[in-house]
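Before any comments, here is the structure.
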Amino acid sequence: MKADALRGHLDALLLAVLDGRQLHGYAIIEALQARSGGALDLPTGTVYPALRRLERGGLLVSEWSTVGGRKRRTYRLTPAGTRALATERSAWREFTAAIDGILGGGPWPTQA
């Protein structure tokens, strides 16, 4: 998948992966890859700065934990993040419906 195709959608994808879950950074990357059927294989240099930006914006909160002797920062949605995700999902449905109307291959409506 072209990197340009993700432009403007990364934040929504990250919020969606964290919906109802608390994950560390690498698990977020793995979840994106798994849920996209392997189409999204984002580098850490893309994901981690976005996570920090979302945290600074109050949409995520993080905390440090130790798992198997390794320190990991885990992220979860804040109430503002949950609301932002709902807004993103609604906007996505509207966008895809509009684009499908053009690219979906159906017949053009007749003009009156």
| said: Here is a check on your reading of the model: is L13 touching a strand residue (DSSP E or B) at 6+ places or on another chain (Cβ under 7 Å) and surrounded by 15 or more Cβ atoms within 10 Å (Cβ to Cβ)? | reply: no
| said: I'm checking my understanding of the structure. Among residues of segment 21-59 that are of a type in the set (G, A, S), modelled with pLDDT of 95 or more and not in a helix (DSSP H, G or I), which one is nearest to R83 (Cα to Cα)? | reply: G58
| Which one of these is out of contact with any Asp or Glu (no Cβ under 8 Å at 6 or more places or on another chain), surrounded by 12 or more Cβ atoms within 10 Å (Cβ to Cβ) and more than 25 Å from V67 (Cβ to Cβ): L51, L40, L6? | L6
| note | Of the conditions (1) within 20 Å of L77 (Cα to Cα); (2) touching a residue at least 12 places away in the same chain (Cβ under 8 Å), the single one that A27 does not satisfy is (2)
| task | Identify the single condition in (1) more than 11 Å from H24 (Cβ to Cβ); (2) of a type in the set (S, T, N, Q); (3) surrounded by 12 or more Cβ atoms within 10 Å (Cβ to Cβ) that T74 does not satisfy, given that it satisfies every other one. | result | (1)
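Okay, residues lined up against (1) at pLDDT 95 or above; (2) over 15 Å from V17 (Cα atoms); (3) under 20 Å from the mean Cα position of the chain (by Cα):
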residue: S62; (1), (2), (3): yes, no, yes
residue: S65; (1), (2), (3): no, yes, no
residue: L77; (1), (2), (3): yes, no, yes
residue: A80; (1), (2), (3): yes, yes, yes
residue: A91; (1), (2), (3): no, yes, yes
residue: G101; (1), (2), (3): no, yes, no
residue: G104; (1), (2), (3): no, yes, no
| field | Options R56, R93, R70; residue that is out of contact with any Leu (no Cβ under 9 Å at 6 or more places or on another chain), under 18 Å from L6 (Cα atoms) and either without any contact (Cβ under 8 Å) to a residue 40 or more places away in the chain or polar (S, T, N, Q) (or both) | value | R93
| request: Would you check if L103 is touching a Leu at 6+ places or on another chain (Cβ under 6 Å) and at negative phi? | output: no
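The values are calculated or read from the model by the stated rules, or taken from the named source; none is laboratory data. If you're wondering where the values come from, they're calculated on a predicted model, not measured in any experiment. Note that we place each Cβ from the backbone using ideal geometry, even for glycine, and neighbour counts take in every protein chain shown.
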